[in-house]
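Written below as structure tokens is the structure these notes are about.
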Amino acid sequence: STVLRNVGSAVGYGVLAYNSLMKGLNKIDVNQARLVGELDEHWEVLAEAIQTVLRRNGEENPYELLKDLTRGKDVTKEGMIEFVKSLNLSQEDRRVLLELTPANYLGYAADLAREVRKYKDEGISR
């Protein structure tokens, strides 16, 4: 029938579209300077790490502690350092948190990037 004769065309156009998309995406470059600048302006990304340390130390409401600091406000490096110093933590935990910056805190980012790369590498061959 007519429908079955055109299935091959639809699949072929789909493969062509996918390959064109991948070719275009491979041309995208990351602006490292802008990326670092953006990260340096958003210290609130460290809230996840602080919550994790607070939970590990038995704090019952780490989210509530951070909510006042981060909700609807610009979080600065100085503000974050002041906040961490005010926490009831061991010297080691405080040192670890004070050494974190938005640029060196990864959380699950590395794992997520590997997953994206895996899917990209397993894509339809050109």
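State all residues of region 101-126 that are under 22 Å from GLU41 (Cβ atoms), hydroxyl-bearing (Ser, Thr, Tyr) and either exposed (fewer than 11 other Cβ atoms within 10 Å of the Cβ) or touching a Pro at 6+ places or on another chain (Cβ under 7 Å) (or both); if no residue qualifies, say none.
Residue satisfying the conditions is TYR108 alone.
Considering only residues that are part of a helix (DSSP H, G or I) and either of a type in the set (Asp, Glu) or in contact with an Asp or Glu (Cβ under 7 Å, 6 or more places away or on another chain) (or both), which ones fall in region 75-108?
GLU78, GLU82, GLU92, ASP93, GLU99
Look at region 42-63 and say how many of its residues are closer than 18 Å to LEU106 by Cβ and either open to solvent by less than 40 Å² (accessible area, probe 1.4 Å) or part of a loop (DSSP other than H, G, I, E, B) (or both).
8
Out of all the residues in region 64-74, is one or more touching a residue at least 12 places away in the same chain (Cβ under 8 Å), in a loop (DSSP other than H, G, I, E, B) and open to solvent by less than 80 Å² (accessible area, probe 1.4 Å)?
There is no residue in region 64-74 that is touching a residue at least 12 places away in the same chain (Cβ under 8 Å), in a loop (DSSP other than H, G, I, E, B) and open to solvent by less than 80 Å² (accessible area, probe 1.4 Å).
Each row is one residue, and each column tells you yes or no for (1) at pLDDT 90 or above; (2) part of a helix (DSSP H, G or I); (3) exposed (fewer than 11 other Cβ atoms within 10 Å of the Cβ).
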residue: ARG5; (1), (2), (3): no, yes, yes
residue: GLY8; (1), (2), (3): yes, yes, yes
residue: GLY12; (1), (2), (3): yes, yes, yes
residue: VAL15; (1), (2), (3): yes, yes, no
residue: ASN19; (1), (2), (3): yes, yes, no
residue: LYS23; (1), (2), (3): yes, yes, yes
residue: LYS27; (1), (2), (3): yes, no, yes
residue: VAL30; (1), (2), (3): no, no, yes
residue: ARG34; (1), (2), (3): yes, yes, yes
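Restrict the check to region 79-86 and report whether at least one residue is modelled with pLDDT of 90 or more, among the hydroxyl-bearing types (Ser, Thr, Tyr) and open to solvent by 50 Å² or more (accessible area, probe 1.4 Å).
The answer is yes, given that some residue of region 79-86 is modelled with pLDDT of 90 or more, among the hydroxyl-bearing types (Ser, Thr, Tyr) and open to solvent by 50 Å² or more (accessible area, probe 1.4 Å).
So for region 90-100 (the condition being open to solvent by less than 50 Å² (accessible area, probe 1.4 Å) and under 25 Å from ALA33 (Cα atoms)), does at least one residue qualify?
Within region 90-100 (the criterion being open to solvent by less than 50 Å² (accessible area, probe 1.4 Å) and under 25 Å from ALA33 (Cα atoms)), the answer is yes, since at least one residue qualifies.
The values are calculated or read from the model by the stated rules, or taken from the named source; none is laboratory data. Bear in mind the structure is a predicted one, so any value in this text is a computation, not a measurement. Backbone-built Cβ (ideal geometry, glycine too); neighbour counts: all protein chains shown. Note: accessible area is taken over every heavy atom of the protein model, side chains too, but ligands, DNA and RNA are not part of it. Shrake-Rupley method; radii C 1.70, N 1.55, O 1.52, S 1.80 Å.
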